[in-house]
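Asker: The structure under discussion is supplied below as structure tokens; questions concerning it will follow.
Nothing in this text is a laboratory measurement; each read-out follows from the coordinates by a stated rule. Predicted model only: the values in this text are computed from it and were never measured. Cβ sites come from the backbone with ideal geometry, for glycine too, and all protein chains shown count toward neighbours.
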Amino acid sequence: MKALVHEAHAGFDGVAVRDIEEAQVKPGFVKIRLKAAGLNHRDIFILSRHSTEDEGLIVGSDGAGVVEEVGDGVSRFTVGQEVIINPGIGWEEESDAPPEGFEILGLPDHGTIAESIVVPESTLELKPPHLSFLEAGTLSLAALTAYRALVTRAKLQSSQTILLPGVGSGAVTFLLLFAKKIGARVIVTSRSKEKREQALSLGADAAIDSEGDWDHQLEGEKVDVVIESVGAATFHKSLGQLRKGGTLVMFGASAGDEVTFNLRDFFYGQFNLLGSTMGSHEEYRAMLSFISKHNIKPVVDRVFPLSKAKEALQYLERGEQLGKVAINIDTDES
């Protein structure tokens, strides 16, 4: 089968679409004929994390397709059903943190940017009927991350105002869509005027320039919740825009891992600082129910064919997108 495989060299030099042997179905596992997959920044990070001394690794965490074969003991799915893949493996019930042994498809196990994949039955759910394969194939990792950060951790309420720095990524786009369905006031930031305008068209109540003075642009308005995925570049601005007693949730650090801040100011402000990442399969089901109830669809920025999957990764690395970058594995769907 054809797949996007990383091997031999670190970074993009080691990535190519090539033939690789299909995996065999084991008891408790299901083989999916993939129709579409989605890209995440994690797919870029693993190009340096995956050892070039190991065997070739199929890249990708998100995907959707049709059940092609089921292993012994599989009871929830039958051949021909349309399914969506939760890339998280080994985190079944909602808990304070993922259990030991929790993994994500795409490292260390083969990922989704391929013509087929074999995954545990426990990672699958039926594809929401209102989503196309391209939409479902880009959904899971970013939407689950957003749902846990927003609902489980921040416990966002309809009466609250939330600040979302760095609109443009898939996860922040989902945060915007989810927060508006909850009924909250949503403020986003971006360096790009075009992305700010797109965010407003998606329902954001305000969109400000990330590089400007946030407090000035918001005329001193403070927010109840900030969800941070940018990191060091925006952390202090985010904290400065938070009301006393407010909550800041972190799930990413794309612009720097380390920050320093004044502890006395922090505890006098009665702030809540929470970490978050991915989510359990229980939360995954709740997220799918939420998007089905509210007819939410991912914002798909661009679609690439499987043969151009490496170019799609490079496009994602440039950070030009707003929303998700999709890989069309089924050439009958554009």
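Asker: Scale the Cα Rg of segment 144-275 by the rule-of-thumb value 2.2 N^0.38 Å and send over the ratio, two decimals. Don't skip to the end; give the middle numbers.
Answerer: Details: Rg = 13.4 Å, N = 132, 2.2 N^0.38 = 14.1 Å.
In units of the 2.2 N^0.38 Å rule of thumb, it is 0.95.
Asker: I would also like to ask the following. Treating cross-link reach as a plain straight distance, find the aspartates and glutamates whose alpha-carbon is under 15 Å from the alpha-carbon of Lys26, omitting any fewer than eight places away in the same chain.
Answerer: Within the straight-line cut-off, Lys26 pairs with Glu68, Glu69, Asp72, Asp109, Glu121.
Asker: While we're looking at this one, here's another question. Let's test the formula: R0 of 45 Å, r as the Cβ-Cβ distance of Arg76 and Ala253. What FRET efficiency results, to the nearest 0.05? Could the numbers behind the result be given before it?
Answerer: Working: r = 36 Å, r/R0 = 0.81.
Given R0 = 45 Å and the Cβ-Cβ separation, E is 0.80.
Asker: Here is a further query. If a/c stays under 1.5 just call it rounded; otherwise compare a/b with b/c (prolate if a/b is bigger, oblate if not). Do that for segment 84-134, with a ≥ b ≥ c from the square roots of the Cα gyration tensor eigenvalues. Walk me through the numbers on the way to the answer.
Answerer: On the way: a/c = 2.53, a/b = 1.35, b/c = 1.88.
Here segment 84-134 falls in the oblate category.
Asker: I would also like to ask the following. For the chain, what is the calculated [θ] at 222 nm in deg cm²/dmol (nearest 500), taking -39500 (n - 2.57) for each run of four or more DSSP H residues and dividing by its residue count?
Answerer: Result for the chain, helices only: -7000 deg cm²/dmol.
Asker: From the backbone phi of segment 136-150, what are the Karplus-calculated ³J(HN,Hα) couplings (6.51 cos²θ - 1.76 cosθ + 1.60, θ = phi - 60°) in whole Hz, Gly and Pro given as x?
Answerer: 5, x, 9, 7, 5, 4, 5, 5, 5, 4, 5, 5, 5, 4, 7
Asker: May I pose another question? Can you list the lysines whose alpha carbon sits under 28 Å from that of Lys195, skipping same-chain ones fewer than 8 residues off?
Answerer: Output for Lys195: Lys155, Lys180, Lys181, Lys222, Lys237, Lys293, Lys297, Lys308, Lys310, Lys324.
Asker: On to the next question. Ranking request for peptides 163-175, 1-13, 45-57: highest mean number of other beta-carbon atoms within 10 Å first, then the rest in descending order. The partial results should precede the final answer.
Answerer: Values: 163-175: 26.6, 1-13: 17.7, 45-57: 14.7.
Ranking, from highest mean packing down: 163-175, 1-13, 45-57.
Asker: Two decimals, Cα atoms only, Kirkwood Rh: what is Rg/Rh over segment 66-112?
Answerer: Values: Rg = 13.1 Å, Rh = 12.8 Å.
Checking Rg against Rh, the ratio lands at 1.03.
Asker: A further question follows. Stretch His9-Glu219 to full length: gain in nm at 0.36 nm per residue minus the Cα-Cα span? If you can, show how the numbers build up before the last one.
Answerer: Working: separation 210, 0.36 × 210 = 75.60 nm, distance 4.99 nm.
Value of the extension gain: 70.6 nm.
Asker: Let me ask another. Quick one: order Asp215, Asp62, Asp72, Asp330 by neighbouring beta-carbon count within 10 Å, fewest to most. Could the numbers behind the result be given before it?
Answerer: Values: Asp215 14, Asp62 34, Asp72 9, Asp330 19.
In order of increasing Cβ crowding within 10 Å: Asp72, Asp215, Asp330, Asp62.
Asker: Still on this structure, I have one more. Nearest 5 percent is fine: what portion of the DSSP beta bridges confined to segment 144-275 is antiparallel?
Answerer: On the way: 0 of 20 bridges.
Given both bridge residues lie in segment 144-275, the antiparallel proportion sits at roughly 0 percent.
Asker: If you count, for each residue, the other Cβ atoms within 10 Å and average over each peptide, how do 29-38, 139-148 line up from highest to lowest?
Answerer: Working: 29-38: 25.4, 139-148: 27.5.
So the order, starting with the most tightly packed, is 139-148, 29-38.
Asker: Then there's this: On a 0 to 90° scale, report how tilted helix 170-182 is relative to the longest principal axis of the chain, with both axes built from alpha carbons and the result rounded to the nearest 10.
Answerer: Taking Cα atoms only, the helix is inclined about 60 degrees.
Asker: Going Cα to Cα from Lys31, which lysines come in below 17 Å? Please leave out same-chain ones fewer than 8 positions away.
Answerer: Straight-line reach from Lys31, under 17 Å: Lys2, Lys127.
Asker: For all pairs of alpha-carbon atoms in the chain, what percent lies in each bin of width 20 Å, listed from the first bin to the last filled one?
Answerer: Calculated P(r), rounded to whole percents: 32, 57, 11, 0.
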